[in-house]
Amino acid sequence: MESNENPRPLSVIVGERLRKFRESRGLRQEDVADAARSYGFTWGRSSVAALEAGNRELSLGELLLLPTIVRRLGGWSEPIIPGLTEIMISESKWIPAHQMASHVLALLAPTATPDRQAPERERLEEETLLLGGIDSDAEDSPRNRRRVIQVVSVYEYMYYMLWPERLGTYYTSSPGSFEVNRRVAERITTPDGQRPTNGLVEAFALGLYGRTLGEERDARADERGTYETKRALQSARGHVTRELIDELQAEITRRWEEVEEVISKTNDAIATDAGLAEWDRNYSELADRWAKAAYEADRQLEVTSKRRRFFRSGR
């Protein structure tokens, strides 16, 4: 991507933001190092100083656990990396911070599409895009951006519009099982006679149940007892899946006009290059709001868990 600003290395951005967090909490560099050591990292005060100066690269493990370390130190109302921050990932490539998760999830997606029939190719493309598998050389092209929006972002936006009370769930939920979504989607028909996409099924599952379709299926099956054999468990899950299909079919049919309205507005908004740029700006701001809501949800969950442990211990 080309930029009018100055993308910077991730280490510089993280170090600058970590220092801002630490100073806002009145913490010492040794306090940060101590929190990191509690998670198995060999940090000292000099490690934190080098990081804040942008002179130390974070390992993947350190980067993944940095939000946990920050929460251990009292948390922060700001994201560690704001969504619009431009991150230099090579001498010629940069990405906006809100795409980091997509690039990490791309490691879980196929990197080659077999020569299959058209429906199967479309399904693979949808799954790859949902996991963030974007061709980096074409990443900034309007055509590619529109495809990502139509396959991925529109359903996240739809989820926000149809279930605003669940703001943050999209970020705190683990990625859904594509196999479960696909089996369910194949048994549902939208009012216009089409098969719903995996993205639509996932959005409605999160909206209805507050968790992914696979998580809801497994939770219901577990609530119905223990199973002595794998076959019995599979049978229970199959029965639950049929229940979920009926529920999702009814909800998608009931709210179909709202679904069409969101899709129509999205397609109209990105029809021009100017509209596409405006969508990206607005979506990045929305992504920041999601991330903050997810942080608050995680923080509240942590507080609730601590309270439960406290009362259970009788102290």
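What the table shows:
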quantity: Evaluation of Arg224 against (1) under 27 Å from the mean Cα position of the chain (by Cα); (2) more than 19 Å from Tyr157 (Cβ to Cβ) (one fails), failing number; calculated: (1)
quantity: Search result, residues across the range 200-213 that are open to solvent by 10 Å² or more (accessible area, probe 1.4 Å) and part of a helix (DSSP H, G or I); calculated: Glu202, Leu208, Tyr209
quantity: Sole residue being under 25 Å from the mean Cα position of the chain (by Cα), in a loop (DSSP other than H, G, I, E, B) and at pLDDT 85 or above, chosen from Glu78, Glu62; calculated: Glu78
quantity: Arg72 under 24 Å from the mean Cα position of the chain (by Cα), open to solvent by 80 Å² or more (accessible area, probe 1.4 Å) and not aliphatic (A, V, I, L, M); calculated: yes
quantity: Residues being outside any helix (DSSP H, G or I), at pLDDT below 90 and over 15 Å from Leu244 (Cβ atoms) - total across the range 177-192; calculated: 1
quantity: Flag if Ser90 is free of Cβ contacts under 8 Å to residues at least 12 places away in the same chain and either in contact with a Leu (Cβ under 6 Å, 6 or more places away or on another chain) or of a type in the set (Gly, Ala, Ser) (or both); calculated: yes
quantity: Failed condition for Arg242, given (1) of a type in the set (D, E, K, R); (2) modelled with pLDDT under 90; (3) part of a helix (DSSP H, G or I); calculated: (2)
quantity: Long-range neighbours under 9 Å by Cβ, at least six apart or interchain, first residue on the phi > 0 side of the Ramachandran plot and modelled with pLDDT under 95 within the range 29-42, second open to solvent by less than 40 Å² (accessible area, probe 1.4 Å) and in a helix (DSSP H, G or I); calculated: Gly40/Gly61
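The values are calculated or read from the model by the stated rules, or taken from the named source; none is laboratory data. Quantities reported herein were computed from a predicted structural model and do not represent experimental measurements. With ideal geometry, Cβ positions are generated from the backbone for all residues, glycine too; neighbour counts draw on all protein chains shown. To get the accessible areas, we keep the full protein, side chains included, count just its heavy atoms, and leave off ligands, DNA and RNA. Shrake-Rupley method; radii C 1.70, N 1.55, O 1.52, S 1.80 Å.
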